[in-house]
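K.L.:
Please find one structure pasted underneath; my questions will follow.
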Number of protein chains: 2
Amino acid sequence: MISFSIEKNSSECSGRTGVLRTRRGEIQTPIFMPVGTHGVVKTLSPKELSDVGARIILANTYHLFLRPGLSTLDHFGGLHRMMSWNGPILTDSGGFQAFSLKAINSISDSGIKFVSHLDGSSYELTPEESMRIQRTIGSEIIMCLDECTDYPATEEEARTAMLRSVNWAQRCRNDHPPNRNEQALFGIIQGSTNLNLRFESLERTLPIGFEGLAIGGLSVGEPKEEMIEILDQIVEKIPSHLPRYLMGVGTPKDLFMGIERGIDMFDCVMPTRIARHGSVYTQRGRIDITASRFKNCTEPLDSKCFCYACQTFSRGYLRHLFQNKEMLGMRMASLHNLAFMLNLTNRIRKALNEGKFLGFKKDFFEEYDSKEGVYARS
Amino acid sequence: MISFSIEKNSSECSGRTGVLRTRRGEIQTPIFMPVGTHGVVKTLSPKELSDVGARIILANTYHLFLRPGLSTLDHFGGLHRMMSWNGPILTDSGGFQAFSLKAINSISDSGIKFVSHLDGSSYELTPEESMRIQRTIGSEIIMCLDECTDYPATEEEARTAMLRSVNWAQRCRNDHPPNRNEQALFGIIQGSTNLNLRFESLERTLPIGFEGLAIGGLSVGEPKEEMIEILDQIVEKIPSHLPRYLMGVGTPKDLFMGIERGIDMFDCVMPTRIARHGSVYTQRGRIDITASRFKNCTEPLDSKCFCYACQTFSRGYLRHLFQNKEMLGMRMASLHNLAFMLNLTNRIRKALNEGKFLGFKKDFFEEYDSKEGVYARS
């Protein structure tokens, strides 16, 4: 089982720090969770994840169910042992992946019928099946099956999906009562960008009783202001003793935005995905390391960063690796971007604990927004 | 400059152990040199190379000349600093790459005219230009420009190329006298599979005076017996005080074959190239880790291996990574294959020092050839 305790509530904003205790170790919150879709955070080893400060990673139920499949996961005694990651793991329910991979055949109250994007074979993912898969994976935190809506969605679509998600949440809880397998179950608030539906989702989900609550269905294409409005209205209504998880969100800006509003947990593929294309975070903004201006640059990606890439290689060499499509470039950019996100989370946590969040935020963005970033800021 | 001293001559065969001293450290011979074509051993970091016991790596002059180019290499103070590899480097002359990439426009006594495989621009690689490029790269051991022949070659083709290589060897030596930049210069014996031409090449090359001698133009498609015959006849005629380098050769079998005949240095892309396709060396032969029989295998690649991959992951998980085209799989297979080759070289060296080479060879192949390898043995 997990337990969560608040360490400090900010007097400057709704942010807080805390400790999430799991059978595989403690997690200081707020926390960013690197995404390991197929049971591997792309390009990186478990040792490298530890080295950059990852304390919990996310894995995808949909992908792991299809490959390696439950019998292999069971044979290995779960994902931790198979992938040699000894820290906590959070798994999603599988629904969002089926949704985003356009693999869904039909959705009914029963569950989600989908075809494998690998071989076209058919499956039905019910709330009970999602629980069973996640128990086999053996993650410390498992998520309720929910129905996501596209953005934009009509009110009716959003309401139908939200009510179905509430129904599935109850079935997940029934199938996975508290303490089963020492795995915590988190509920998910849906309702698209409709504030009333979001309130209703929260009101209906809370009484079911979960070990944590997530906000799903955001960062799916809606304007950032709409996400912020929902967080402004919803997060403070989640009882403060529950860990709050904002799903699929996690650029440097998003971290500040969410933490300031009381979010404790984030996950996002962005840091590693953009890294594989040569886009890296620095204190002075996001840069494209493949740009010709870095050809002879002997500076590290980020002079303040502690990661192996920054301690070892220059921008010029990393650019050379990308020019030659050498995997070491993608590895190093991925390592660095995770180091950046995890270090940033640490620094925000420290600022919250010291009552200096707003000052830290101001200082951070003064540097991050003003200097050498070449992209639209994110 | 380098110096080479024999440690022990085997009483069982022509093999010997020695120490090659360079400004960047000592190398125990025989040695296998991992290949870092673009200034990176594919998928691996310098730290990982050190961890698996690499003591000297090879880099390719042709590729580095085109990218990042001499001005960038010069700006970084040479390849070692650019790629953060502090150990010795050996560079080839650039000729073989132009040859194997079919980039050559014309070859004359002047040099090799080639077009870049990247952008079609034209260059001439003369012996003097090859020396200049290799001085800019800054490798500890640089190679003479030579002309390789296809296999099979007519006697006339082979003789013309051999004589031209001798001429170029003299020009390289003139341009790069002993001790210049503390870089050693190795000559290269050519002559295709024609034994008389090989003898003539050796006779003409030796008096020029080099710090080491390489045997080039083998492992280009000829039957293994022909390579062996040439080594049987040629190697013992190379003065024993010179380090002897068999270019482009290096499977586990080749290591024994060459060392037994008095070769001190090997390089080959094979261990890392086959690794990226899931083919790995084990004590019990080469296996294809993508095979379905490894799906639920909880054993490491090689139970006797000390590398991170074997200490951390199972065959089943590595297969899963390859199934999902996850780079970590290619990384770990590359790391392991190099660990295997370097560890094997160490064990052969130890056997030579202890006067037990033939017994070790017999024991090794009893296991390597008999068990689970699924490929033609190599």
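K.L.:
Would you point out the residue of segment B:269-310, among those that are within 14 Å of chain A (Cβ to nearest Cβ), in a loop (DSSP other than H, G, I, E, B) and charged (D, E, K, R), that is farthest from the chain's Cα centre (by Cα)?
P.N.:
B:295
To keep it simple, each residue is scored yes or no on (1) within 21 Å of residue A:34 (Cα to Cα); (2) of a type in the set (Ser, Thr, Tyr); (3) touching a Phe, Trp or Tyr at 6+ places or on another chain (Cβ under 8 Å); (4) touching a residue at least 40 places away in the same chain (Cβ under 8 Å).
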{"position": "A:279", "(1), (2), (3), (4)": "yes, yes, yes, yes"}
{"position": "A:291", "(1), (2), (3), (4)": "no, no, no, yes"}
{"position": "A:305", "(1), (2), (3), (4)": "yes, no, yes, no"}
{"position": "A:324", "(1), (2), (3), (4)": "no, no, no, no"}
{"position": "A:354", "(1), (2), (3), (4)": "no, no, no, no"}
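K.L.:
If you don't mind, another one. Restricting the first residue to segment B:159-180 and requiring it to be among the polar types (S, T, N, Q), which pairs with a second residue that is crowded, with 18+ Cβ neighbours inside 10 Å and outside any helix (DSSP H, G or I) meet a Cβ separation below 6 Å and a spacing of at least six or different chains?
P.N.:
B:165/B:146; B:165/B:147; B:165/B:190
K.L.:
Given the structure, is residue B:192 surrounded by 17 or more Cβ atoms within 10 Å (Cβ to Cβ), small (Gly, Ala, Ser), out of contact with any Lys or Arg (no Cβ under 7 Å at 6 or more places or on another chain) and modelled with pLDDT of 95 or more?
P.N.:
Details: surrounded by 17 or more Cβ atoms within 10 Å (Cβ to Cβ): yes; small (Gly, Ala, Ser): yes; out of contact with any Lys or Arg (no Cβ under 7 Å at 6 or more places or on another chain): yes; modelled with pLDDT of 95 or more: yes.
So residue B:192 fits the description; yes.
K.L.:
Going through segment A:315-325 one residue at a time, which ones are surrounded by fewer than 24 Cβ atoms within 10 Å (Cβ to Cβ) and either among the aliphatic types (A, V, I, L, M) or facing another protein chain (nearest Cβ under 7 Å) (or both)?
P.N.:
Going through segment A:315-325, the residues surrounded by fewer than 24 Cβ atoms within 10 Å (Cβ to Cβ) turn out to be A:315-316, A:322-325.
A:316, A:323, A:324 - these are the residues of segment A:315-325 that are surrounded by fewer than 24 Cβ atoms within 10 Å (Cβ to Cβ) and either among the aliphatic types (A, V, I, L, M) or facing another protein chain (nearest Cβ under 7 Å) (or both).
K.L.:
Can you tell me which residue within segment B:99-126, out of those that are over 26 Å from residue A:295 (Cβ atoms) and under 21 Å from the mean Cα position of the chain (by Cα), is surrounded by the most Cβ atoms within 10 Å (Cβ to Cβ)?
P.N.:
Only one residue fits best here, namely B:99.
K.L.:
For segment A:83-98, check the following and say yes or no: at least one residue is touching a His at 6+ places or on another chain (Cβ under 9 Å), within 14 Å of another protein chain (Cβ to nearest Cβ), part of a loop (DSSP other than H, G, I, E, B) and crowded, with 24+ Cβ neighbours inside 10 Å.
P.N.:
No.
K.L.:
Further question on the same structure: Hey, can you tell me all the residues within segment A:274-293 that are small (Gly, Ala, Ser) and either under 15 Å from residue A:324 (Cα atoms) or touching an Asp or Glu at 6+ places or on another chain (Cβ under 8 Å) (or both)?
P.N.:
Selection gives A:278, A:279, A:285, A:291, A:292.
K.L.:
Report yes if some residue within segment A:175-184 is under 21 Å from residue A:246 (Cα atoms) and within 23 Å of the chain's Cα centre (by Cα); otherwise report no. Steps first, answer last, please.
P.N.:
Taking segment A:175-184 and keeping what is under 21 Å from residue A:246 (Cα atoms), we get A:183-184.
The next check asks that each one be within 23 Å of the chain's Cα centre (by Cα); those that pass are A:183-184.
Yes.
K.L.:
Take segment B:229-262 and flag every residue that is closer than 15 Å to residue B:210 by Cβ and part of a loop (DSSP other than H, G, I, E, B).
P.N.:
Within segment B:229-262, B:238, B:239, B:240, B:241, B:242, B:243, B:247 meet the criteria.
K.L.:
Which is buried (at least 24 other Cβ atoms within 10 Å of the Cβ), more than 12 Å from chain A (Cβ to nearest Cβ), among the polar types (S, T, N, Q) and in a helix (DSSP H, G or I), of B:337, B:343?
P.N.:
On the way: B:343 fails: buried (at least 24 other Cβ atoms within 10 Å of the Cβ).
None of the others qualify; the one that does is B:337.
K.L.:
Filter segment A:176-189 down to the residues that are surrounded by fewer than 22 Cβ atoms within 10 Å (Cβ to Cβ) and touching a Gly at 6+ places or on another chain (Cβ under 8 Å) and list them by number. Walk me through it before giving the result.
P.N.:
Restricting attention to segment A:176-189, the residues satisfying the condition of being surrounded by fewer than 22 Cβ atoms within 10 Å (Cβ to Cβ) are A:177-182.
Answer for segment A:176-189, where residues must be surrounded by fewer than 22 Cβ atoms within 10 Å (Cβ to Cβ) and touching a Gly at 6+ places or on another chain (Cβ under 8 Å): A:178, A:181.
K.L.:
Six or more apart or on different chains, Cβ atoms under 8 Å: show the pairs whose first residue is in segment A:200-218 and surrounded by fewer than 18 Cβ atoms within 10 Å (Cβ to Cβ) and whose second is part of a loop (DSSP other than H, G, I, E, B).
P.N.:
A:206/A:238; A:206/A:239; A:209/A:178
K.L.:
Considering every residue within segment B:70-78, establish whether at least one is assigned by TED's automatic domain parsing to the domain that holds residue B:145, closer than 18 Å to residue B:42 by Cα and of a type outside the set (Phe, Trp, Tyr).
P.N.:
First, pick out the residues of segment B:70-78 that are assigned by TED's automatic domain parsing to the domain that holds residue B:145: B:70-78.
Checking which are closer than 18 Å to residue B:42 by Cα leaves us with none.
No - not one qualifying residue is present in segment B:70-78.
K.L.:
So, in segment B:59-78, of the ones that are surrounded by 24 or more Cβ atoms within 10 Å (Cβ to Cβ) and not aromatic (Phe, Trp, Tyr), which residue ends up nearest to the other protein chains (Cβ to nearest Cβ)?
P.N.:
B:68
K.L.:
I would also like to ask the following. Go through segment B:230-251 and count every residue that is in contact with a Phe, Trp or Tyr (Cβ under 6 Å, 6 or more places away or on another chain) and buried (at least 24 other Cβ atoms within 10 Å of the Cβ).
P.N.:
Going residue by residue through segment B:230-251, those that are in contact with a Phe, Trp or Tyr (Cβ under 6 Å, 6 or more places away or on another chain) are B:243, B:246, B:249-250.
From what is left, the residues that are buried (at least 24 other Cβ atoms within 10 Å of the Cβ) are B:243, B:246, B:250.
Residues meeting the conditions: 3.
K.L.:
Mind listing whichever residues of segment B:24-58 are in a strand (DSSP E or B), β-branched (Val, Ile, Thr) and within 14 Å of chain A (Cβ to nearest Cβ)?
P.N.:
Pass one, segment B:24-58, residues in a strand (DSSP E or B): B:25-29, B:31-33, B:35-36, B:57-58.
Checking which are β-branched (Val, Ile, Thr) leaves us with B:27, B:29, B:31, B:35, B:57.
Once the filter is applied, which keeps residues that are in a strand (DSSP E or B), β-branched (Val, Ile, Thr) and within 14 Å of chain A (Cβ to nearest Cβ), segment B:24-58 yields B:35, B:57.
K.L.:
Here's a follow-up. Can you name the number of the only condition in (1) in contact (Cβ under 8 Å) with a residue 24 or more places away in the chain; (2) buried (at least 22 other Cβ atoms within 10 Å of the Cβ); (3) assigned to a helix (DSSP H, G or I) that residue B:358 fails?
P.N.:
Exception for residue B:358: condition (2).
K.L.:
Given the condition modelled with pLDDT of 95 or more and either in contact with a Pro (Cβ under 8 Å, 6 or more places away or on another chain) or in a strand (DSSP E or B) (or both), answer yes or no: does some residue in segment A:146-166 qualify?
P.N.:
The answer is no; no qualifying residue exists.
The values are calculated or read from the model by the stated rules, or taken from the named source; none is laboratory data. Here the structure is a predicted model, which is why all the values come from computation and not from measurement. Neighbour counts are summed over all protein chains in view; Cβ atoms, including those assigned to glycine, are modelled from backbone coordinates with ideal geometry.
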